[in-house]
Each structure stands twice: as structure tokens, then as C-alpha cells.
Amino acid sequence: MRGIRHGGRARRAAAPGPLAAALVAALVAGCGGTGGPDRDGGQREHEVQGTERARESREARESRETGGARAVGVATYNVYLGADLKPLFAAGSSAELTERAGEVYAAMEATDFRERATAIADLLAAHGPEVVGLQEVARWERGPLGGQLEVRYDFLALLLDELAARGTPYRAVAANDNFTGRMPVSATEEARFTDRDVIVVRDGLPAARLRTANAVSAAYDAKAVLPSGIPGLSFVVPRGWSSVDVTVRGETFRFAHTHLEAFGSPDVRAAQARELAAALAGSPHPVVLAGDFNSRPGDAEGAYGILAAAGYADAWTAAGGDPDGGWTAGQRGSLRDANALSHRIDHVLYGPGGPRAYAAEVIGDEDADRSEPTGYWPSDHAGVVTRLRLGGGR
């Protein structure tokens, strides 16, 4: 579903041991994939030249559209850990838990982040937002039971490599590790999973055009406690947020980023939203807040409503988007089925006194966005790219 530009309407859019307990806590948020294939030099040169022309055209257009005002592109994208974790919590024994963990790992490999990263990089490179919040940025390690583990899949490194290959390099400037753990995935091997949310910014731009400072990350006090199918065993799921101050052509805003609780009680998610609003209330700069909030616009008593009551505007609707469109979530976990996006929980929000949204677009939701050669959706979420005017107003 391509989004909206200047008021246009989007179209449709026995009890287990401590190792087992540790990784199930980590696996609450999912599993990952793997990195991108090399491209031949001629193709890279073609991509770089094409991207540069697109950037120059976009900047010229924005100068006309904003009357020369400072503008910035920001985005949010949940890149998907790669597997359905719910079966883990129904396991009734340590042996069954190990078997299901192995199945999760295999499902993660089947949704091949190596290939999906190329599709996500294509989308981000085409739009070139200066700042991007990425959720579910997995790192998977694997090795012999009790032995040294080695990194098999690092989503961040793989995606950054693909972006650099397209002539649109990004660098990580802030991150929060949500949870990590290690447990057996077979009779002879074990794995460690780490879930991260990461803020990346365009690299290689002159400091006069873009610079960052004051990176911060923090954990929420509110945490989900999830029961398991094993009597007496439950799992605590930490999550957090991060922020960085971004200066674009002399105008500074604070970009904050989070992934609110997905599996636990809505009360936990609401408590996290209140913590986040309070933490950002003292910002000396206008705030842009992006992420997967697991909360729909109609959720008046939940996270979305709490942030709206704290003064945050929704960039999608502020830029003229259909309040009932702009769907970003609901794709089936195999990533091979027909488009099943059905609701909007991924948002770019902003506080008063600084930015104003003038364009927004959903990316990764059209058949043309699928990966090659297999045809995966880039993620089980679509991303959102927003263009903001800086320098006052609403």
C-alpha cells in the first residue's frame, strides 16, 4: 500500500533447567534470519547512481513543497524476528521445550533474512529517510552444548551491509537490548538469542546537514510476566526505549524509539507508554517518537491514547492519511501468503513546538516489494516513512 502525499488517500491497503528458562524468556519476542548476498560491482554502481539521482530529485521537490523550510525524513520498521513463538509457551516439559525451540530456529531460517534484508534495503534506499527506528533486530548465536557459541545471524550488520551496497550507508547511533538468553535447541546444540531495537541514521552526510548527539537508552520498569505450559515456570520479558538528538541544518529534535509489549497484558503496554511519555516530557528539544506500539488509533485507554493525551500528533493522519487505512501489521508468519495486513500499530508521532508532518507513506506492503527470488514479504509488518518540516508549528 503506497501511503499518502499531501492529502492523497492510501489504498487498502519435568521442570526445565536454567538454560531452558533463560532462552524462552528471550524467545518471547521471536527469532531472526541471515545476511545478504554479494552483488556484482556494475550493479552496485548502477544502484548508487540511481539512488543519488532520486535523492537530488527528492531534495529539489521538498525545497519547493516546504518553501525552503528545513525538512527531514524519519521512518519506523519492524523487520520481524522470523518465527511464531507461541508454541514455546505451551510446552509441557523440558524435552518438549527443546524440541519446540529447535522448530523455532528452523522457522527463523526458513524466512531467510539474508533475502529479506535485500528487500528492506531496497525500500529504505529508495526513500532515504535520515533517521530510522528498527525493531526486532535479532542476533542469533549457535554452538555445541556447553561450548563456545558463534554468531550465525546478525540482522543489524546484514541490513547495514545491504544499505551500504546501495550507496545509502547508515550507522547505528542508539540501541536497547530487550532480552537475551541461551538454551538447547537439539540434543547436541544450543543457541543464544538477543532482541534489539536500534536507531540508525544516514552516514557520510556533512555535519552541517546531519549530526547526532546524546544517545540514551533505558529499560521500562513495567514488564510482562508470561506463564508457560510447565507448572511453576513463568518468564519475565524486559523491554525498553532509546533516543538520540538529531540536528538537521541547524534544527535539533529528539528522536525516540520503542517497541511496546506485544504478548503481555494491555496494562503492561499502557504502563510502558506512561513511563515513556514521562521520560520524554523533560526534553529540551521537540520530540519525534517512532516504533511498534502494539496499539491501534482507536485504543483510547491504551498506549496510543496515552501518548495522544500527552500531546503527540500522529504523522499519518496529520499528513492527510486515511484514519482507517495505512495498515502496517497482520502479515502471516511464513511471509509467503497473500497480503494480510489488517491494522495499524506502527506509528510516527511528534510533540508540539517543532515538527509538522507533510507527507507519509507505508512501505513494504505491495507485491512489488517482495524479495527475490523467493518472494517473501520483507517483514510481517510494513514500514512507515514520514517527511517532517522542522522549526515550529504543529
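Residue-wise HN-Hα couplings along region 195-204, as the Karplus relation 6.51 cos²θ - 1.76 cosθ + 1.60 with θ = phi - 60° gives them from phi, are 9, 9, 10, 9, 9, 10, 10, 4, 9, x Hz; Gly and Pro carry x. When each of the peptides 142-153, 225-236, 286-297, 304-315 is scored by how many other beta carbons lie within 10 Å of its residues on average, the order from highest to lowest is 286-297, 304-315, 225-236, 142-153.
Note on LEU163: accessible area is roughly 0 Å² with a 1.4 Å probe, heavy atoms of protein only. Considering region 267-394 at the alpha-carbon level, its Rg and Dmax are found to be 15.7, 48 Å.
Taking amide H atoms as placed 1.01 Å from N in the peptide plane, the amide H of TYR170 lies under 5 Å from those of ALA164, ASP203, each 5 or more residues away in sequence or on another chain. Put simply, the amide H of LEU210, placed in the peptide plane, has neighbours under 5 Å in ARG249, leaving out anything fewer than 5 places away on its chain. Proximity of backbone amide H atoms, modeled 1.01 Å from N, is registered between ARG344 and THR328 at under 5 Å, excluding neighbours fewer than 5 places apart on the same chain.
Ordering THR258, THR247, ALA270 by the projection of their Cα atoms onto the charge dipole of region 223-304, which places +1 on the Cβ of Lys and Arg and -1 on the Cβ of Asp and Glu, puts THR247 at the extreme positive end. Taken one residue at a time, the phi angles of region 137-151 give Karplus couplings (6.51, -1.76, 1.60, θ = phi - 60°) of 8, 7, 10, 10, 10, 8, x, x, 3, x, x, 6, 9, 10, 5 Hz. Gly and Pro are set to x. Across region 249-266, rounded Karplus estimates of 3J(HN,Hα) from the backbone phi angles (6.51 cos²θ - 1.76 cosθ + 1.60, θ = phi - 60°) give 6, x, 9, 10, 9, 9, 9, 10, 8, 7, 9, 6, 3, 9, 9, x, 4, x Hz, Gly and Pro being marked x. When the P(r) of region 126-209 is calculated, the portion above 17 Å amounts to 55% of the C-alpha pairs. Shape summary of region 190-300, radius of gyration then Dmax from alpha carbon positions: 17.0, 59 Å.
Using the Kirkwood radius built from alpha carbon pairs, what does the Stokes-Einstein equation give as D for region 79-139 at 10 °C and 1.306 mPa s, in µm² per second? My calculation gives 117 µm²/s for D.
The values are calculated or read from the model by the stated rules, or taken from the named source; none is laboratory data. What you are looking at is a predicted structure, and each value in this text was computed from that prediction instead of being measured. Here Cβ is always computed from backbone atoms with ideal geometry, including for glycine, and neighbour counts include all displayed protein chains. Ligands, DNA and RNA are excluded from the accessible area calculation, which covers all protein heavy atoms including side chains. Shrake-Rupley method; radii C 1.70, N 1.55, O 1.52, S 1.80 Å.
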